[in-house]
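Take a look at the structure set out below.
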Amino acid sequence: MEKIDRRNALGILARWSAGSFIPFSWLVEGCTDNSNPSLFNEEYQLLLADIVEIILPETDASPGAKEAKVHYFIALIAEDCYGIERKDRILVGLNQLLGEGFLDYSSEKKYEVIEQLDEEATAATHKIPHYFKDLKSLTQWGYFSSKIGIMEGLRYNPIPGYYKGCVPYNGEIAWY
């Protein structure tokens, strides 16, 4: 073990005190609720929020995808995890919807447009997959992996109780 003399002690003290003056607010800057990924601005967020709410709407039994903030999840995954081609395909599709004035449509018209996109995506036989397939799968992934989706959408019971081997089936779907 090395001896600590006055010079070493003052050096250690200087390093520790200099480190305490470094502002660490930049570490938690990304954790704010209004932090949006760079490509998906507020207009894209509003559009995605409408789309995810149509894909997984709010019901009497469970909240919708919009309440689970799935639109932020989609933007994050598309921004950080998808390749350029896939990300561009999503952005081109969203730009097309914005150009058509999707945000100004009535709720019935929005539902019809999303239904048409779903039919196009499932019927697509092109080599390039339809962007709506990505949006739909990301919506399901984001919702069913969120706390709201698990606890209220899937009616998760963390302490199920004792095992009953033979229970009559009442037709209720708990896990999809």
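The values are calculated or read from the model by the stated rules, or taken from the named source; none is laboratory data. Nothing here was measured: the structure is a model prediction, and the numbers come from that model. Glycine also receives a Cβ, built like all others from the backbone with ideal geometry; neighbour counts cover every protein chain displayed.
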Just to check your reading of the model, which residue among 72, 111, 82 is at pLDDT 90 or above, among the aromatic types (Phe, Trp, Tyr), surrounded by 13 or more Cβ atoms within 10 Å (Cβ to Cβ) and not in a helix (DSSP H, G or I)? 82
When residue 139 is run through (1) within 24 Å of residue 73 (Cβ to Cβ); (2) among the polar types (S, T, N, Q); (3) not in a helix (DSSP H, G or I), the failure sits at (3)
Only residues in the stretch 94-116 that are in contact (Cβ under 8 Å) with a residue 12 or more places away in the chain count as the first member; pair them with residues that are exposed (fewer than 13 other Cβ atoms within 10 Å of the Cβ), Cβ under 7 angstrom, at least 6 apart or cross-chain, and list the lot. 98/43
Given the structure, is residue 169 over 17 Å from residue 52 (Cα atoms), without any contact (Cβ under 8 Å) to a residue 12 or more places away in the chain and either aromatic (Phe, Trp, Tyr) or touching a His at 6+ places or on another chain (Cβ under 7 Å) (or both)? yes
Limited to the stretch 79-98, what total is found for residues that are small (Gly, Ala, Ser) and more than 18 Å from residue 115 (Cα to Cα)? 1
How many of the residues making up the stretch 51-69 are surrounded by 18 or more Cβ atoms within 10 Å (Cβ to Cβ) and either of a type in the set (Ser, Thr, Tyr) or assigned to a helix (DSSP H, G or I) (or both)? 6
Just the residues that are aromatic (Phe, Trp, Tyr), within 20 Å of residue 68 (Cα to Cα) and crowded, with 16+ Cβ neighbours inside 10 Å, please, taken from the stretch 122-144. 132, 143, 144
Of those in the stretch 145-176 that are surrounded by 10 or more Cβ atoms within 10 Å (Cβ to Cβ) and in contact with a Leu (Cβ under 9 Å, 6 or more places away or on another chain), the residue modelled with the lowest pLDDT is 153
